[in-house]
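First the structure, in the form of structure tokens, and then the observations on it.
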Amino acid sequence: MGGFIMAWLELKIETMPGSIDAVATALTAGQTHRMRQPSERQTHIALTLLSGLGVFAFWRFGHPEALSCAEELQLFLFNADYLAERLAFPGGLAAYAGEFVTQFFSLLTLGAALQAALLVALQRLTWLAMRRAEGLYALSFAPAAALLVMMGDECILPGYEVMLIAGMAACVGVSRVADRGAARWAALALGLPALFYVAGSGAYVMAAYAIGMAVGRKRFTESACVAAYMVVIVVAGYRLSAFPLDLVAKGLGAYRLHIVPASLAIGACIMGLMPLVRPRVGLRHGLAFTAGAFAILCAAAAIGTRITFDEFKYRVMRYDLLTRKRDWKGVLDLAKKHEAQSPLELASINFALAMRGELGERMFEYAQINSEGLIPLFSREVFTTMMTTDIYFGLGMLNTSRRFAFEAQESIPNKQKSGRLTKRLAEVAIIDGHYGIARRYLNVLSQSFAYSKWADEMTELIKDDSKVNSHPLYGKMRKRRLTKDFFYSDREMDQMLGLLFTRDTGNRMALDYLLACELLTRDLGGFVRYIPLMGQLPDGGRGRIAKAYQEALCLAWAQNHKSFDGMPWPVDASVKRSFIDFAHSQSAKRAAPSVGNERLKTTYWSFYVKAK
């Protein structure tokens, strides 16, 4: 049977003029097509996976502090009231979805994976909206790359990403009915208002796509109608909601501040036009073009993120993340890589040293400024206040820690609540024995993802006061807390720290902060007055005096004595020799300003002279 079929095919081919060449060409083209098609598909998959892995690494290892920042400035709750609040404004459902995703940023690896998934979804939808333009796959990464660069502004919320994804999905729908007039008009008439309510700024993506497509096909009347219709929708959204027109127009739920930049709405419009871009090049768009264009986009994104992700701002956020995780070694490792430039950074460094019991020994290894590097002054800036509440809690000044936590929560620009700060308020209430107040906070936290397990455990703990007293952290903090009222004053920090230490002489951190405060204000008299308090420590002060304290004692003694004979404190001979070397180097430096001793730059004496 097979032989009969082959003979028949040969006869047909021979009887067709030019058929052999035609069949050979067709077979060759078919084989080439079959070989090329999987190759393109595999290339597309590889580029998408590569971009996803790159975005994952960017967030997980490059900027995990941005994930932590987004999560700690909100508290997503699984209840109907929380959802109802979001449904009260245009774009609220997308904002709700963004906040739902953000709650998982407490797990940094999962958070980075979710961010990568969002950008990959935007890229794939862009490719579909491009109607799979042959050879232009690399250009589908442009909106995702632009969004990544924009997110250098930490106030841009994941809700904005969800809005853009929803808008690009709508563009895919418009592209499917682009050549069907009635269906296209129906899609725009019903889709734009629905999308504006659901996804806010995402409607601008859809409108820009429809306008661009209409202009490209010379349907100018249609483009004008879509633009006018979009304006009507925005005004209607303003009239039906309780928010100002500029917020409704620029995008509610997309930005943390109430002053929303117009760049968010403009960016959404530009992203709607991106799928319509068709560059004209003379060569056929093959794999070389795709790979080259992808490499250019990656380079542009890398340069853009270097510009928009402010190094100093994100370094401060990294300190906050490490402090929150109690990764004291990580804090000090970061300080070695980048010299601290602000009191907030120094506060984190000194806090880490104190928690490791190394404040008096190593504090002047880092460029100190003044006492604000120990405990920052009160500020309405949320990160400063958030870190300060951790320091006060560590010291045992619980009422002050609670006040700063409350102020920090009220300082969140978009009036959200913070899971981290709500937890701190609950902890202070538990330690103070205010269990009724604690239950209110714990009830709220139990409706969240990141804090529900802890809240359930604490709810069981406070049922038995003796268990709180025996808790490894809360029991210890209960013994440290001040029980007598006093007026808080950041200008009299030494007196408050002194009260804290006399309340619990086992609170070594309070004593270290007290002595460090005197050193950083260059009050050697106060330092000498407080140094005897070391004798009240559990070890009776019999241990070695920390290096910075020895240096301060040498300096205080030398101001009134010509030698170290009769010095009442046990100072190491090496410290005395170093002080003599420092005095000689200062004399030489006055004679020749370029003279200096690198070894002595990490001493208290160097700070004391520089501060003067």
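The values are calculated or read from the model by the stated rules, or taken from the named source; none is laboratory data. These figures come from a predicted structure and were not determined experimentally. All Cβ positions, glycine included, derive from the backbone under ideal geometry; neighbour counts span all protein chains shown. For the accessible areas, the whole protein counts, side chains as well, though only heavy atoms, and no ligand, DNA or RNA atoms are used. Shrake-Rupley method; radii C 1.70, N 1.55, O 1.52, S 1.80 Å.
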The range 95-169: trypsin sites (Lys or Arg not before Pro) in DSSP coil with no more than 14 other Cβ atoms inside 10 Å: Arg131, Arg132
Farthest toward positive dipole pole in the chain [+1 Lys/Arg, -1 Asp/Glu at C-beta], among Leu524, Phe582, Trp59: Trp59
Cα-based reach from Lys423 at 30 Å (exclusive), listing lysines while leaving out same-chain residues under 8 positions away: Lys313, Lys325, Lys329, Lys415, Lys453, Lys463, Lys467, Lys476, Lys479, Lys484
Given Lys547/Lys576; Lys337/Lys547; Lys562/Lys610, the pairs whose alpha carbons are separated by over 21 Å: Lys337/Lys547; Lys562/Lys610
Descending semi-axes in whole angstrom, ellipsoid equivalent of the range 162-311, from the Cα gyration tensor: 29, 24, 11
Separation in nanometres of the label points that stand 7 Å from Cα toward Cβ, at Arg356 and Leu377: 3.0
Computed label-point distance, nm, for sites Ile580 and Ala182 using a 7 Å Cα→Cβ extension: 10.4
Nearest-ten-degree value, helix 508-520 long axis tilted from longest Cα axis of the chain: 80
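What dipole magnitude, in Debye to the nearest 20, does the range 203-288 give about its Cα centre under +1 on Lys/Arg Cβ and -1 on Asp/Glu Cβ? Could you put the intermediate results ahead of the total?
Details: 9 positive and 2 negative charges, 77 e Å.
Roughly 380 debye for the range 203-288.
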Virtual spin-label span in nm between Ala302 and Val609, 7 Å along Cα→Cβ: 4.5
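How much length would be gained if the chain were fully extended between Ala295 and Asp572, taking 0.36 nm per residue of separation minus their Cα-Cα distance, in nm to one decimal? Each step should come with its number before you reach the end.
Details: separation 277, 0.36 × 277 = 99.72 nm, distance 6.02 nm.
Contour length minus Cα-Cα distance gives 93.7 nm.
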Distribution of pairwise C-alpha distances over the range 228-345, 10 Å bins, in %: 10, 22, 22, 24, 18, 5
The chain, dipole about Cα centre (Lys/Arg Cβ +1, Asp/Glu Cβ -1), debye to the nearest 20: 380
Net lengthening on full extension, Asp504/Leu110 (0.36 nm per residue, minus Cα-Cα): 137.7 nm
Principal axis dimensions, largest first and in whole angstrom, of the range 394-485 by Cα: 39, 30, 20
Within the accessible area of the chain (1.4 Å probe), percent carbon and sulfur: 61
Value of Rg to Rh for the range 333-431 (Rh from inverse mean 1/r over Cα pairs, i.e. Kirkwood): 1.00
Whole-Å distance, taken between Cα centres, linking the range 139-210 and the range 534-572: 69
The chain: radius of gyration and largest Cα-Cα distance (Dmax), Å: 33.0, 123
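Over its Cα atoms, what ratio of radius of gyration to 2.2 N^0.38 Å does the range 116-214 give? Could the numbers behind the result be given before it?
Numbers: Rg = 13.5 Å, N = 99, 2.2 N^0.38 = 12.6 Å.
Scaled against compact globular proteins, the figure is 1.07.
Determine the per residue accessible area of the chain with all protein chains present and a 1.4 angstrom probe, expressed in square angstrom. Can you show the working numbers first?
Numbers: 29320 Å² over 612 residues.
Roughly 48 Å² per residue, with all protein chains present.
Which sequence of Trp569, Trp59 reflects their accessible areas, 1.4 Å probe, from the largest down? Mind showing how you got there, number by number?
On the way: Trp569 60, Trp59 5 Å².
Order by accessible area, largest first: Trp569, Trp59.
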Longest to shortest principal axis, alpha-carbon extents of the range 413-546, angstrom: 53, 39, 27
Top positive-direction residue, dipole computed over the chain with Cβ charges, set Asn469, Ile165, Ala426: Ile165
Length gained when the stretch Ser587-Arg440 is fully extended (0.36 nm per residue, less Cα-Cα span): 46.5 nm
